[in-house]
Structure formats: structure tokens, C-alpha cells
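The values are calculated or read from the model by the stated rules, or taken from the named source; none is laboratory data. None of these values were measured; they are calculated from a predicted model. Ideal geometry is used to build each Cβ from the backbone, glycine not excepted, and the neighbour counts take in all protein chains shown.
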There are 2 protein chains.
Amino acid sequence: MTTNIDYSLYLVTDRGLTHGRDLIQLVMEAVQGGVTMVQIREKSCTSGEFFSTARELKKKLTTLGVPLLINDRADIALATGADGVHIGQKDVPYQAVRELLGPGKIIGISINTYDQLKVAAMSDVDYLSLSPVFPTPTKTDTSEPFGIEGLKKARSMTDKPLITIGGINRDNLSDVMATGMNGVAVVSAVCSAESPAEAAGDLIRIIRNNKL
Amino acid sequence: MTTNIDYSLYLVTDRGLTHGRDLIQLVMEAVQGGVTMVQIREKSCTSGEFFSTARELKKKLTTLGVPLLINDRADIALATGADGVHIGQKDVPYQAVRELLGPGKIIGISINTYDQLKVAAMSDVDYLSLSPVFPTPTKTDTSEPFGIEGLKKARSMTDKPLITIGGINRDNLSDVMATGMNGVAVVSAVCSAESPAEAAGDLIRIIRNNKL
């Protein structure tokens, strides 16, 4: 269990959405703009490329005090000294990942249903990511969106840090934050933005202004 | 560095080649037939399914004293107590995997060129897998086949355990073993066989009869 993490604006990478721009440079621009936490999600590149990207980003982000999480792969997290792992419901089970990482690392889990939320709320997982909040084209295997009312319901069910992901943009962000979320995760809103720094800056201002 | 491993007949799994049969049962039949070592290679299933398959196979294979290796993922190897990891040239680098696994586990590496062989021969990797020996439809990104003469050349370059993979069958197996290989790895020759046990039995007899 790790405390004092700023979940406000959590960037999840997607190499396919960067319009050919260098991923590491894009992430660093986004962090300069206001991203408080980064997760590398790689579903198509080689494991070697995943590892080298993570290692380089970890070095750069450590200097700035921004946590780096690795999607799914505890081995790459351990080998690069990353701050934790984000797992989905179909990844290696939480307890096995915790045993590999030890108590000092951050583990987050994607939550698609209230039943999954109940289970995760009783574990010592560090944060829950409600997914998706709105319909989104980024992931194809998503469940029924939570919606704003669903976020409120989820918030009432646990005191753990909650973030949410899926279709969040400047227009709906204040409503999302008003439900009591600790932060939001974004993919395309930053990865595909013409200026990732400006996009992150716009989002973090709204988040800070609307955080409960 | 691990010693006393029987590399003779090394089964590499491919869920796509089992004609819909249960992978674990198929592997166990193949082991009963003569397979001496198993590697789970999963390129399409979820990480959770990869983990649960590995965990179940590890339990069953431990009883029989047959080593289980995991393709690419040290986290799944560690979490399931598997005996080691097999990496390709584009996976997490060898040294990082060794640091994660520690000295007691087996690490094997795919070798596609003589330059790669020279590098790996000087490391403390446990075995080298020359790939491919013949043209093969199983992997799509393969390099120029080594061929029988290439195996002999490779054998002259290192004392490390050498296996080879790619297009091996009953007809060419004695020639392969006559080059001084410690064993061969097979995928479709066993995974796609009507009787994996009989296929493995046929192969291991030829291997034992032709091992230098």
C-alpha cells in the first residue's frame, strides 16, 4: 500500500495514437504540461522495446517525481525500477503481482463492474480505475460505461483512490471530478493532441478546480 | 547456470496448432510419450490465461521431473515457480531477465545468426536455440535457415547446450542430431499430431539413437 500519490491526471500511453511522434518525448511534454502519473501500455511492440521505453521513461520521470506504472508486466516493472503495475481483470491475478512486486509498489486494477469493485475494495490494491466512464473507441473489449451516476455509486462503495478512464475530455471533465474521483486517466485526449503539453495543462486546471 | 538438463525433446506450445484440443492435456500426453522439457509460448491469449496455464502445467510437470520454461515473461515464470524463461532477440535483454530470475533458473535464448551466437556463447545463458534449422510456417519473422551445415558450424563455435527448432520431423531428425545438437525443439510435429504421445515417442527414439 502506497500513500501520497497524486492521481489527478494519469496518462496512459498508446503508441498507435501519437500520429507517429516519439512516445517518450510526447510523454515528457505531457508531464511538463501537468500529467501527475504515467502508465506505459504496450500491446503491439516487442517486449524488448517495451522494456527499453520503460527504462528510459523511468529515468526521466524519477527526476520529476512522477510515478511510472507498467501495464500488465511485473517483470518489466521490476527490471526497470518502475513504481508499480496496472492490471486488468484478465491479467495475472492481483495477489501474484503483489507477491512479485512487494508491498512498496503501486498496484492498480481496472474495474468494469460493481462486483469487481467490491472484490478489489477489500484487497490491498492501491487504486481502482473505473472503466469506461463514457463510451470510447480506445479499447474494444470494454463493458457497459459507468456514466456519471455510476461514478457516484462507485465512490459511495469504497474509500480507496478511484480514477476513471474512457472518453474523458475538457467538456465532461468537471462533471467527472464532481463525483469525487481522485483523478482521471486519459489516453487520446493527450496522446493525440496537437500539443500534449497544452492538452494536459487544460485538463489539470479543470481537475484542480473541480476536485472535491 | 543450471546443469543436468535433458534437452533431448523440447516441446514448445502453440495453442493455435492443437486443432482445438485442451493444451494442458495435450502437453501431458506428449510428456508421457517422451518430451523431456516444455516451453509455454503464448502470443495471443490473455496474461491471466497464460498464468493459469503455466501454473497448472508446472504442478503436473514437477511431479514428473520435467522442466517448464516460460516464453518471454519472467513475471509469469516467477509467479508460477517455473524452471526458467526462454527469450528471443527482441525480448527483455538477457541480463535483466537473469537479475529477475536469479542464478538457479534456466534461461535459453533464440539464435538467428552467428553473431548472436558469439554474444550468447560468452554469457551465462543456459542454452542456445538455433532458429530456424529448416524453413517453417510456425514463425513468420524468422531469419535465413541454418541448415545442417549451419548446425555443424554452430556446434564448432560453442560448448554450451545447443538445440534447434524449425521444420524438424521424423525424416530429417537423424541428420539434425548427427550434427551434435543436445536436442531439438518441436511445435507442430507434436502439437498438431493426431497422437501427441506417439509423435513424441517416435521422435525421442530417433533422438536417443542418433545423439552424438
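Table: residues versus (1) surrounded by fewer than 21 Cβ atoms within 10 Å (Cβ to Cβ); (2) closer than 27 Å to B:Cys45 by Cα; (3) not small (Gly, Ala, Ser).
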| residue | (1), (2), (3) |
| --- | --- |
| B:Gln89 | yes, yes, yes |
| B:Leu101 | yes, yes, yes |
| B:Ser129 | no, yes, no |
| B:Phe134 | yes, no, yes |
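Per-residue answers, yes or no, for (1) of a type in the set (Val, Ile, Thr); (2) outside any loop (DSSP other than H, G, I, E, B):
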site: A:Ala121; (1), (2): no, yes
site: A:Phe134; (1), (2): no, no
site: A:Ile148; (1), (2): yes, yes
site: A:Leu151; (1), (2): no, yes
site: A:Ser156; (1), (2): no, yes
site: A:Ile163; (1), (2): yes, yes
site: A:Gly180; (1), (2): no, no
site: A:Ala193; (1), (2): no, no
site: A:Ala197; (1), (2): no, yes
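The numbered conditions (1) in a loop (DSSP other than H, G, I, E, B); (2) touching a Pro at 6+ places or on another chain (Cβ under 6 Å) are all true for B:Leu26 except (1).
Apart from one condition, A:Leu61 fits all of (1) without any contact (Cβ under 8 Å) to a residue 24 or more places away in the chain; (2) assigned to a helix (DSSP H, G or I); the exception is (1). Comparison of A:Thr80, A:Thr62, A:Thr18, A:Thr113 shows that the only residue that is within 12 Å of chain B (Cβ to nearest Cβ) and either polar (S, T, N, Q) or buried (at least 20 other Cβ atoms within 10 Å of the Cβ) (or both) is A:Thr80. Please work out which residue is surrounded by the most Cβ atoms within 10 Å (Cβ to Cβ), limiting yourself to the stretch A:167-189 and to residues that are at pLDDT 95 or above and of a type in the set (Gly, Ala, Ser). Across the stretch A:167-189, the extreme among qualifying residues is A:Ala185. Of all residues in the stretch B:190-206, those that are of a type in the set (A, V, I, L, M, F, W, C) and surrounded by fewer than 23 Cβ atoms within 10 Å (Cβ to Cβ) total 4. Annotation: of all residues in the stretch B:91-110 being touching a strand residue (DSSP E or B) at 6+ places or on another chain (Cβ under 6 Å) and among the hydrophobic types (A, V, I, L, M, F, W, C), the one that is nearest to the other protein chains (Cβ to nearest Cβ) is B:Val97.
Please enumerate the residues belonging to the stretch B:85-101 that are in a helix (DSSP H, G or I) and of a type outside the set (Val, Ile, Thr). Answer for the stretch B:85-101, where residues must be in a helix (DSSP H, G or I) and of a type outside the set (Val, Ile, Thr): B:Tyr94, B:Gln95, B:Ala96, B:Arg98, B:Glu99, B:Leu100, B:Leu101. Can you find a residue in the stretch B:115-122 that is of a type in the set (Asp, Glu) and over 25 Å from A:Ser52 (Cα atoms)? Checked against the condition, which is being of a type in the set (Asp, Glu) and over 25 Å from A:Ser52 (Cα atoms), the stretch B:115-122 yields no hits at all. The residue that is surrounded by the fewest Cβ atoms within 10 Å (Cβ to Cβ), counting only those in the stretch B:36-49 that are in contact with an Asp or Glu (Cβ under 9 Å, 6 or more places away or on another chain) and more than 8 Å from chain A (Cβ to nearest Cβ), is B:Lys43.
The single residue among A:Val176, A:Val184 that is under 14 Å from A:Val133 (Cα atoms) and either assigned to a helix (DSSP H, G or I) or free of Cβ contacts under 8 Å to residues at least 24 places away in the same chain (or both) turns out to be A:Val176.
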